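Here's the structure we're looking at; comments come further down.
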Amino acid sequence: MKKNTRNVILIPTDFSEVCENAIEHGLVLAKAMESQVWLLHVINKETDSYLEERNLDIGSIDTMLNETAHKFSEKYDVPVEVYITSGNLFEKINEVNDKLGAKMIILGTHGKLGFQKIAGSYVLKVVTSTETPTIVVQKKSNTEGYKNIVFPITSSTQDRQKVNWAVSIAKTFNATIHLIPKFESEKFHKNRIMTVTKQIKNIMTEYGINFVDKVSSPEAGNFAKQVIDYAVDNNADLIMTLVNKEKTFFFSSWDEQIIYNSSQIPVICINPVSTKKTSWDKAW
């Protein structure tokens, strides 16, 4: 996990409906975690076009951001600060994230479109360029926290790092973790998944986390689809995925299928961190 993190949740916004939904998610988390929220708007050419079309001046951004902060702060009784800067959207999100030392980023994505295009390559670049866990939110609302969390398990030993966050979120919201080990026919990968799954179950049991497990099926389509279908059938509030940093672009891959799932279930993207030991109590 990123060093010197503060109890801060960073939420970029372009004042769209999806970004408002991301703010709602962030405030629900902040309330449960006793965190502070920072709302960020990056002024760029899309902002200029937005203002010009509505015959507004740049001061309107400050007004809009402060009004949004006040509205959500009052609703959830959580401190909300604002941050306005100018430049490249992707670069500035990362710059402000580093400056604040945020422990979580909430990104509202428009899919492939949107006022500031907080989507597509921007979302993927933000997710892969930081060690900060990022929750990617579409239009599905969240006012009660995360009660059912889907946790896919692959042959990657780094899946263990997701446990840190799974335990913390589950403890915060008294959630159930739905473990889905990927079916593997090849003996080495099959044994590896069995070992990782057993370790994860032991940790869940140790920390008193409710969990269920469901092995995927080779006849039910690709693994990403099975994960999403299971999440829909079990009213999941969140899907956990581990980002593959070795892929500069992962369009049409597992990551994008999960992040942009058509059921609009929020996804928390965990970046694997180089570490020899994981502390299960310190994600939050």
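Here, each number is a calculation from the coordinates, and none is a lab measurement. It should be emphasised that the depicted structure is a prediction, and the values quoted were computed from it without experimental measurement. Counting neighbours? That spans all protein chains shown, and the Cβs are built from the backbone with ideal geometry, glycine included.
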Next on the checklist: Please list 3J(HN,Hα) in residue order for the stretch 62-76, calculated via the Karplus relation 6.51 cos²θ - 1.76 cosθ + 1.60 where θ = phi - 60°; whole Hz, with x for glycine and proline.
Outcome noted: 4, 5, 4, 5, 5, 5, 5, 4, 5, 4, 6, 5, 5, 5, 10
Next on the checklist: When a/c reaches 1.5 or more, the comparison of a/b and b/c decides; with that in mind, is the stretch 165-212 rounded, prolate or oblate per its Cα gyration tensor?
Outcome noted: prolate
Checklist entry - Restricting to lysine pairs 8 or more places apart or on different chains, what number in the stretch 8-137 have Cα atoms under 21 Å apart? => result 15
Checklist entry - Expressed as a whole number of Å, what is the distance separating the alpha-carbon centroids of the stretch 28-45 and the stretch 157-210? => result 29 Å
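Provide 240, 194 in ascending order of the number of other Cβ atoms located within 10 Å of each residue's Cβ, fewest first.
Numbers: 240 24, 194 14.
With the sparsest Cβ surroundings first, the list reads 194, 240.
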Next on the checklist: Taking θ = phi - 60°, what integer Hz values does the Karplus form 6.51 cos²θ - 1.76 cosθ + 1.60 yield along the stretch 230-240, in sequence order, with x for Gly and Pro?
Outcome noted: 5, 4, 5, 4, 10, 6, 5, 9, 7, 10, 9
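State whether the stretch 148-270 is rounded, prolate or oblate according to the following rule on the C-alpha gyration tensor (a ≥ b ≥ c being the square roots of its eigenvalues): a/c under 1.5 gives rounded; otherwise a/b larger than b/c gives prolate, and the remaining case gives oblate. Mind dumping the intermediate values first?
Numbers: a/c = 1.39, a/b = 1.12, b/c = 1.25.
Because its axes are fairly even, with a/c under 1.5, the stretch 148-270 counts as rounded.
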Checklist outcome for this item: Summing +1 per Lys or Arg and -1 per Asp or Glu among the other residues with Cβ less than 11 Å from residue 82's Cβ gives -3
Next on the checklist: For the ranges 260-267, 23-30, 210-217, 132-139, what's the packing order if you count other beta-carbon atoms within 10 Å of each residue, average per peptide, and put the highest first?
Outcome noted: 23-30, 132-139, 260-267, 210-217
